[in-house]
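A.B. asks: The structure is given below, and queries will be raised subsequently.
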Amino acid sequence: MTSNTSAAVTPSATNGFRRFPDGFFWGCATSPTQIEGETVNEWAGYIAHDGSTPDDACNHWRRYRHDFRCLSTLNMNSYRFGFDWGRLQPGPFEPFERETSLRYMEMLAELRSHGIEPFLTLFHFACPQWMAHKQGWLHPESPAWFADFAQRLVEMTDGEVRHWITINEPVVYAFMAYVRGMFPPKRRHRYLQACTVLRHMQQAHALAYDAIHKEQPEARVGIAKHVKRFIPMRVWNPLDHLGARLAIRCFDRAWLDGFLHLQDRPISDFLGVNYYGRLRMKLYGAFSPVTGATRHQLHRCGITDTCDDMWEQDAEWLPVCLQALATRHRLPLYISENGVATDNETLRRHWLQAHLLKCHEALENGVDIRGYFYWSLLDNFEWAEGLTKRFGLMAVDFEDPGRRRDIRRTGFHYAAIARKNGVDIHPE
Ligand code: BGC
């Protein structure tokens with residue numbers, strides 16, 4: 001098992017090679033709804049823009065052994081994934097389903113048998129159906145339900161999990177579910193409800209933090225925060241500047257402190273950073289492929305090769321934002337997600353290379369980064385976008401009932417990086 005309780009041996013840069021600190025966590029990330037299939041949470045039956053549903057996803061629920069062997073082939077020493085709350089707990093404060101607990105414990109054992117350290121996410125955009133029927137995170141008891149879920153998980157896992165991510169991207173969830181209306185329960189422009197959801201999530205995180213630490217004092221508990229660079233689309237337009245500033249305030253700055261401190265005590269041991277790049281703001285809306293901008297429009301604005309199928313990449317900004325977060329919050333950081341949606345393996349490989357070199361730059365500047373998780377291990381169900389976005393280090397054939405998967409070229413490139421614990425500046 002890899003140990004990583006403090007930033008170990010410092011990073012170094014010699015002979016065209018960027019070495020990462022000893023004990024650095026190299027991993028991939030996934031979430032249950034996006035890969036498991038046989039969905040039982042509130043996403044069951046959801047129909048995405050491309051007409052697909054998460055109901056079969058990658059069939060990981062049955063093929064996890066194969067997938068974990070692939071993680072091992074990729075030389076990963078860690079894996080960020082989740083246990084689906086709805087699959088485990090049939091109602092508030094109720095005991096876990098036995099079959100499900102056994103399956104999840106088997107997954108942990110399987111990972112351990114490959115020497116892979118689990119990083120467990122408790123909530124990744126999906127409420128159990130019973131919770132959805134009770135107004136989800138709007139319900140005043142939702143923080144207590146979540147704390148109970150966390151406590152039962154610590155008891156169930158009995159020391160097998162040391163790194164816990166309570167909530168994935170709280171602001172993105174509240175925004176997509178209560179403002180843009182794209183995630184269940186698909187409400188639009190309910191700004192006050194989004195704020196209530198976030199307040200309850202903060203309380204839930206604080207309660208879960210205490211519940212986990214009570215059972216397992218040495219556990220490391222944090223959240224995964226979505227970090228984007230917002231810039232005005234038209235430099236001459238003051239409203240675009242205002243839109244960008246507003247987005248920075250609402251998405252990046254607001255709410256985070258409430259997940260890190262309660263009065264004067266810390267309630268996070270680390271901060272996970274999910275980083276995908278930048279968004280240009282045109283007035284108050286974003287302008288990128290994922291918000292409907294066409295290639296032609298992007299080209300006309302001078303945005304050419306830096307776009308994947310969803311966003312604009314911006315590796316340059318990664319060390320800047322990591323440095324700012326480290327200085328402001330004084331917590332160890334993980335890149336808990338970073339990846340690219342593309343069919344183009346050359347783009348994916350350059351992209352990975354560029355972000356890792358920038359991550360190393362931040363390390364050299366003294367930022368305490370403990371691990372990097374590529375999003376994602378598999379092509380998967382990309383929420384409202386459905387099954388058409390290709391984030392995986394493994395290509396999944398969604399036409400095949402068994403969901404055949406194959407490691408992509410970039411996967412082997414990443415495997416070599418993890419094996420050498422560093423990045424060649426000019427790889428062959
Ligand atoms: C989410 C993932 C998602 C990824 C790519 C992150 O915001 O945590 O679930 O698939 O971005 O869109």
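A.B. asks: Hey, rough spin-label estimate for T388 and D368, points 7 angstrom out along Cα→Cβ, what's it come to in nanometres?
C.D. replies: Here the modelled spin labels are 4.4 nm apart.
A.B. asks: Okay, moving on. Mind checking the per residue accessible area of the stretch 36-140 for me, 1.4 Å probe, whole number of Å²?
C.D. replies: Heavy-atom accessible area per residue stands at 37 Å².
A.B. asks: Compute, for the stretch 207-294, the length of the dipole vector about the Cα centre, with Cβ point charges of +1 (Lys, Arg) and -1 (Asp, Glu) only. Units Debye, rounded to 20.
C.D. replies: About 640 debye.
A.B. asks: What is the gain in length, in nm to one decimal, between R295 and L192 on full extension, counting 0.36 nm per residue of separation less the C-alpha to C-alpha distance?
C.D. replies: Difference between extended and current length: 33.6 nm.
A.B. asks: Name the long-range amide H neighbours of I425: under 5 Å, sequence gap of 5 or more, or other chain; modelled H, no Pro or chain starts.
C.D. replies: HN-HN under 5 Å from I425: F17, R18.
A.B. asks: Extending each Cα 7 Å along its Cβ direction at Q129 and D400, get the distance between those two points in nm, one decimal.
C.D. replies: The two pseudo-label positions are separated by 3.1 nm.
A.B. asks: May I pose another question? Just tell me which aspartates and glutamates come within less than 12 Å, Cα to Cα, of K186; anything on the same chain fewer than 8 places away is out.
C.D. replies: Output for K186: E42.
A.B. asks: Right, another one. Give the percent of DSSP beta bridges with both residues in the chain that are antiparallel, rounded to the nearest 5.
C.D. replies: Just about 30 percent of them are antiparallel.
A.B. asks: Tally Lys and Arg at +1 and Asp and Glu at -1 over the other residues with C-beta under 13 Å from the C-beta of W145: what net charge comes out?
C.D. replies: Charge balance near W145 sits at -1.
A.B. asks: Place a +1 charge on the Cβ of each Lys and Arg in the chain and a -1 charge on the Cβ of each Asp and Glu, then give the dipole magnitude about the Cα centre in debye, rounded to the nearest 20.
C.D. replies: 1140 debye
A.B. asks: Hey, another quick one. Tell me, what is the percent relative contact order of the stretch 282-428, built from C-alpha pairs under 8 Å that lie six or more residues apart?
C.D. replies: The value is 19 percent.
A.B. asks: Helix by helix, which DSSP H runs in the chain go 15 Å or more along their axis at the Cα atoms and have an average Kyte-Doolittle hydropathy of -1.0 or more?
C.D. replies: Flagged H segments are 98-113, 142-157, 191-215, 317-329, 345-364, 409-420.
A.B. asks: Right, another one. I'd like to know which of F230, P401, H213 lies farthest towards the positive end of the charge dipole of the chain, counting +1 on Cβ of Lys and Arg and -1 on Cβ of Asp and Glu.
C.D. replies: The residue sitting farthest along the positive end of the dipole is F230.
A.B. asks: Restricting attention to the stretch 244-300, which chymotrypsin sites (Phe, Trp or Tyr not before Pro) occupy a DSSP loop and are surrounded by at most 11 other Cβ atoms within 10 Å?
C.D. replies: Those that pass, being in a loop and sparsely packed, number zero.
A.B. asks: Run the helix sum for the chain: -39,500 (n - 2.57) per DSSP H stretch of 4+ residues, divided by residue count, reported at 222 nm to the nearest 500 deg cm²/dmol.
C.D. replies: -11500 deg cm²/dmol
A.B. asks: Consider a paramagnetic label point 7 Å from the Cα of D210 along Cα→Cβ; state which residues of the stretch 243-266 have an amide N under 18 Å from it.
C.D. replies: Within reach of a label on D210, which here means backbone N under 18 Å from a point 7 Å along Cα→Cβ, the stretch 243-266 contributes 258-266.
A.B. asks: Further question: Which of rounded, prolate, oblate describes the chain, given a ≥ b ≥ c as roots of the alpha-carbon gyration tensor eigenvalues and a/c under 1.5 marking rounded, otherwise prolate only if a/b is larger than b/c?
C.D. replies: Taking the square roots of the gyration eigenvalues as a ≥ b ≥ c, the chain is rounded.
A.B. asks: If you don't mind, another one. So between E99 and E218, what do we pick up on full extension, going 0.36 nm a residue minus the alpha carbon distance?
C.D. replies: Roughly 40.0 nm would be gained on extension.
A.B. asks: Under 10 Å, Cα contacts only: if you run a Gaussian network model on the chain, which one of K389, K228, K282 comes out with the highest mean-square fluctuation?
C.D. replies: So, out of K389, K228, K282, the one fluctuating most is K282.
A.B. asks: Charges on Cβ only, +1 for Lys and Arg, -1 for Asp and Glu, centred on the Cα centroid of the stretch 6-141; of A13, Y79, Y46, which one is farthest towards the dipole's positive end?
C.D. replies: A13
A.B. asks: Nearest 5 is fine: what % of DSSP beta bridges in the stretch 200-338 come out antiparallel, could you say?
C.D. replies: Of those bridges, close to 30 percent are antiparallel.
A.B. asks: Related question: Run the accessible area of the chain with a 1.4 Å probe and give the carbon-and-sulfur part as a rounded percent.
C.D. replies: After summing per-atom areas, the C and S share lands at 51 percent.
A.B. asks: Shifting gears a bit: How far apart, in nm, are the 7 Å Cα→Cβ label points at H114 and N344?
C.D. replies: Computed distance between label sites H114 and N344 equals 3.0 nm.
A.B. asks: Would you look at the GNM of the chain, springs on alpha carbons closer than 10 Å, and say which of I335, I167, I47 moves the most?
C.D. replies: The residue with the greatest mean-square fluctuation here is I47.
A.B. asks: Taking the Cα centre of the stretch 250-370 as the origin, how large is its charge dipole in debye, to the nearest 20, when only Lys and Arg (+1) and Asp and Glu (-1) carry charge on their Cβ atoms?
C.D. replies: For the stretch 250-370, the charge dipole is close to 300 debye.
A.B. asks: Estimate the FRET efficiency between L246 and I47 by the formula 1/(1 + (r/R0)^6), using the beta-carbon distance for r and 35 Å for R0, to the nearest 0.05.
C.D. replies: So, using R0 = 35 Å, E works out to roughly 0.65.
A.B. asks: How much net charge surrounds V320 when only other residues with a Cβ under 13 Å from its Cβ are counted (Lys, Arg +1; Asp, Glu -1)?
C.D. replies: Summing Lys and Arg as +1 and Asp and Glu as -1 gives +1.
A.B. asks: Continuing with the same structure: Note down the net charge around M182, summing +1 for each Lys or Arg and -1 for each Asp or Glu among other residues with Cβ under 11 Å from its Cβ.
C.D. replies: Summing Lys/Arg as +1 and Asp/Glu as -1 gives +3.
The values are calculated or read from the model by the stated rules, or taken from the named source; none is laboratory data. Please read these numbers as outputs of a predicted model, since none were measured by experiment. Neighbour counts are summed over all protein chains in view; Cβ atoms, including those assigned to glycine, are modelled from backbone coordinates with ideal geometry. Side chains included, ligands, DNA and RNA excluded: accessible areas come from the protein's heavy atoms. Shrake-Rupley method; radii C 1.70, N 1.55, O 1.52, S 1.80 Å.
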